[in-house]
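See below for the structure under consideration.
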Amino acid sequence: MQVIHKIGRRKTAVARVYVSEGKGNITVNNRELNDYFTTATLQYKVQQPFALTGNEGNFDVKVNVYGGGITGQAEAVRLALSRAMCEVNEENRTELKPEGLLTRDARMVERKKFGQKKARKKFQFSKR
């Protein structure tokens, strides 16, 4: 099996994932998964595509991720891994699609408008 390269995005985070057969090592920005994503929730998000398809410990993963915050990065990695699992075996799509792991979450931060404090918040209005 050759190396599979996929990209995942979430908010302003971009993750490039390289998947190859191996023992289940996941490296994120040249660091171990547990060192980069310290909370159990983020580690679960990253490993979710493997758990749903039953491929824990079958693939080595190298991830380059940049931009955004730690949660956006974890969800970008999850999308990229889900896409890679679909390329490994097309039948994995039936497990991942109902969980919403193949959908690119398009929600972005709304920009600040001029003449306002924030995107929606306004300066206090004074009638007199």
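Compute from the Cα atoms of the chain the Rg and the Dmax, the latter being the longest Cα-Cα distance, and quote both in angstrom.
18.3, 73
Net charge around ALA51, counting only other residues with Cβ within less than 15 Å of its Cβ (Lys, Arg = +1; Asp, Glu = -1)?
Residues close to ALA51 contribute a combined charge of -1.
Give me VAL88, VAL77 sorted ascending by neighbouring Cβ count inside 10 Å, so fewest comes first.
Least to most surrounded, the residues fall as VAL88, VAL77.
May I ask which residue of TYR66, ASN89, ASN25 lies farthest towards the positive end of the charge dipole of the chain, with charges of +1 (Lys, Arg) and -1 (Asp, Glu) on Cβ and the Cα centre as origin?
The listed residue farthest towards the positive side: TYR66.
Grab the DSSP H runs of the chain that are 4 residues or longer, score each as -39,500 (n - 2.57), total them, divide by all residues and round the 222 nm result to the nearest 500 deg cm²/dmol.
Per the formula, -9500 deg cm²/dmol.
Using the crude model of +1 on Lys and Arg Cβ and -1 on Asp and Glu Cβ, and no other charge, please compute the dipole size for the chain relative to its Cα centre, in debye to 20.
1840 debye
Taking neighbour Cβ counts within 10 Å as the exposure measure, how do SER82, SER126 sort from fewest upward?
Ordered from fewest to most neighbouring Cβ atoms within 10 Å, SER82, SER126 come out as SER126, SER82.
Evaluate E = 1/(1 + (r/R0)^6) for GLN116 and TYR66, where r is the Cβ-Cβ distance and R0 equals 22 Å; express this FRET efficiency to the nearest 0.05.
Using R0 = 22 Å, I get an efficiency of 0.15.
Under the Karplus relation 6.51 cos²θ - 1.76 cosθ + 1.60, θ = phi - 60°, what is the ordered set of whole-Hz ³J(HN,Hα) values for region 9-19, x standing for Gly and Pro?
For region 9-19, the Karplus-derived couplings read 10, 7, 6, 9, 8, 10, 10, 10, 10, 10, 10 Hz, x marking Gly and Pro.
With the crude spin-label approximation of a point 7 Å out along Cα→Cβ, what separation in nm comes out for ARG128 versus MET108?
4.6 nm
Could you line up VAL14, VAL63, VAL3 from fewest to most neighbouring Cβ atoms inside 10 Å?
Least crowded to most crowded, the residues run VAL3, VAL14, VAL63.
Can you give the net charge of the other residues whose Cβ lies under 11 Å from the Cβ of HIS5, counting K and R as +1 and D and E as -1?
Computed value for this residue: +3.
Only the coordinates and a few stated rules stand behind these numbers; no lab work does. Predicted, not measured: the structure shown is a model, and the values here were computed from it. So basically every Cβ, Gly included, is an ideal-geometry build from the backbone, and we count neighbours across all protein chains shown.
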